[in-house]
Amino acid sequence: NAGVTQTPKFQVLKTGQSMTLQCAQDMNHNSMYWYRQDPGMGLRLIYYSASEGTTDKGEVPNGYNVSRLNKREFSLRLESAAPSQTSVYFCASSTGANYGYTFGSGTRLTVV
Amino acid sequence: QKEVEQNSGPLSVPEGAIASLNCTYSDRGSQSFFWYRQYSGKSPELIMFIYSNGDKEDGRFTAQLNKASQYVSLLIRDSQPSDSATYLCAAHAGNNRKLIWGLGTSLAVNP
């Protein structure tokens, strides 16, 4: 049972390039989340999907878009990467926030 | 602004001691609380959750909740060097499907 799988694990982008971070969960969870984690800033919610077919902005959505492709998959897209988007990105899922989240292993993104 | 606050540490304890990690929250509507452990370079891992006032024990870990004081704590008994990590506290408020996260407390257990 893989849990939450994120790809890629590492990525270096040049300013202005685009990329999509992939996330898939095999736990039949309804809700999925994208976070970024920066030193001293903690976990900040970018976007979330409470259920298949819905997405909502979190605290720091600017510069990102998401797609809830189906119940299993939730992708995060950077259309035009900026150095300020250098961060560690975590995908998480839950059957409901009252039960806590399961996190993927993260993507370390560097924008130069 | 709903907040969860933690002392950033570092909290340093000797091996075998009890480590006490504390967390306060501002939203009185918060109903459930979570402790996550995050090793350096890894993702957060859920170690304890608590919904009711009082204590909840799981092995060497005890979570304590006092809703009147809006206070959550995590006790780690017989601390081991492998417990050295950052501990994140999170609160969930009712119908809101999102967790509110603290910034974490860094724990160092010294052999």
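The values are calculated or read from the model by the stated rules, or taken from the named source; none is laboratory data. Note that the structure is a prediction, hence the values are computed from the model and not measured. No Cβ is skipped: glycine too gets one built from the backbone with ideal geometry, and neighbour counts run over all protein chains shown.
Annotations for the structure displayed:
- Candidates B:Asn53, B:Asn22 - the one that is more than 14 Å from chain A (Cβ to nearest Cβ) and under 10 Å from the mean Cα position of the chain (by Cα): B:Asn22
- The number of residues in the range A:83-112 that are more than 10 Å from chain B (Cβ to nearest Cβ), part of a strand (DSSP E or B) and of a type in the set (Ser, Thr, Tyr) comes to 5.
- Listed by position, the strands (runs of 3 or more DSSP E) inside the range A:19-76 whose residues that are of a type in the set (D, E, K, R) and within 14 Å of chain B (Cβ to nearest Cβ) number at least 2 are A:31-38.
- Test: residue in the range B:73-93 that is surrounded by fewer than 21 Cβ atoms within 10 Å (Cβ to Cβ) and closer than 22 Å to A:Tyr47 by Cβ: yes
- The single condition from (1) surrounded by fewer than 18 Cβ atoms within 10 Å (Cβ to Cβ); (2) within 14 Å of chain A (Cβ to nearest Cβ) that B:Arg60 fails is (2).
- Entry remark, the range A:95-112: residues being crowded, with 17+ Cβ neighbours inside 10 Å and either within 17 Å of A:Lys57 (Cα to Cα) or among the β-branched types (Val, Ile, Thr) (or both) number 4 in total.
- Here A:Leu76 clears all of (1) among the hydrophobic types (A, V, I, L, M, F, W, C); (2) surrounded by 14 or more Cβ atoms within 10 Å (Cβ to Cβ); (3) farther than 20 Å from A:Val4 by Cβ except the condition numbered (3).
- Set side by side, the residues B:Ser43, B:Ser79, B:Ser73 differ, and just one is at pLDDT 95 or above and under 12 Å from B:Thr105 (Cβ atoms), which is B:Ser73.
- Some residue of the range A:48-64 being on the phi < 0 side of the Ramachandran plot, surrounded by 14 or more Cβ atoms within 10 Å (Cβ to Cβ), of a type in the set (A, V, I, L, M, F, W, C) and within 11 Å of the chain's Cα centre (by Cα): no
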